[in-house]
Amino acid sequence: MNIKITPNNLTKLEKVFEDAKYVLRFEKGTFNSGYCILEHKKVVVINKFLNLEGRINTLIDILSSLPLEEALLTTESHKLYKQILASKPPAEDAPAADTDIPAENPDATATDTDTPAADTDTEEETTA
């Protein structure tokens with residue numbers, strides 16, 4: 001989404017979370033992706049060391065993947081939320097629609113990446 005990196009736009013994104021009854025917290029922590037979502041408690045924790053651009057991009061990523069109750073949003077927040085959803089890359093939806101596994105062998109991909117078989121090979125090598 002083409003959103004300008006301004007403190008006012010950060011405030012607008014924070015308002016979307018507030019309207020959706022999510023608690024948005026900026027805290028210190030070791031997050032692999034810069035944030036943590038506790039969906040059942042409706043808490044989103046953002047790494048407080050992110051700069052303005054990082055915070056805005058992280059909030060946009062979260063909003064594009066987090067289902068919100070649109071009825072709770074104000075008109076301005078709803079409009080911004082819809083813009084974010086509309087700009088969501090189609091590549092994220094592709095894996096869900098890509099379910100072309102042959103009917104005769106539905107576990108074909110599971111056996112290809114099965115690591116216990118590799119572990120038994122190493123056990124044989126160490127015992128021989």
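Structure values in brief
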read-out	value
Check on T30, in a helix (DSSP H, G or I) and of a type in the set (V, I, T)	no
Residue list for segment 31-71, filter: surrounded by fewer than 16 Cβ atoms within 10 Å (Cβ to Cβ), in contact with a Leu (Cβ under 9 Å, 6 or more places away or on another chain) and among the charged types (D, E, K, R)	E39
Any hit, segment 9-30, residues being buried (at least 18 other Cβ atoms within 10 Å of the Cβ), among the polar types (S, T, N, Q) and either more than 16 Å from I84 (Cα to Cα) or modelled with pLDDT of 95 or more (or both)	no
Inter-residue pairs, beta-carbon under 7 Å, first under 17 Å from A20 (Cβ atoms) and at pLDDT below 85 and in segment 32-47, second surrounded by fewer than 18 Cβ atoms within 10 Å (Cβ to Cβ) and polar (S, T, N, Q), 6+ apart	none
Residue within segment 67-74 that is within 12 Å of the chain's Cα centre (by Cα) and part of a loop (DSSP other than H, G, I, E, B) present	yes
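The values are calculated or read from the model by the stated rules, or taken from the named source; none is laboratory data. Nothing here was measured: the structure is a model prediction, and the numbers come from that model. Glycine gets a Cβ as well: all are built from the backbone with ideal geometry, and neighbour counts include every protein chain shown.
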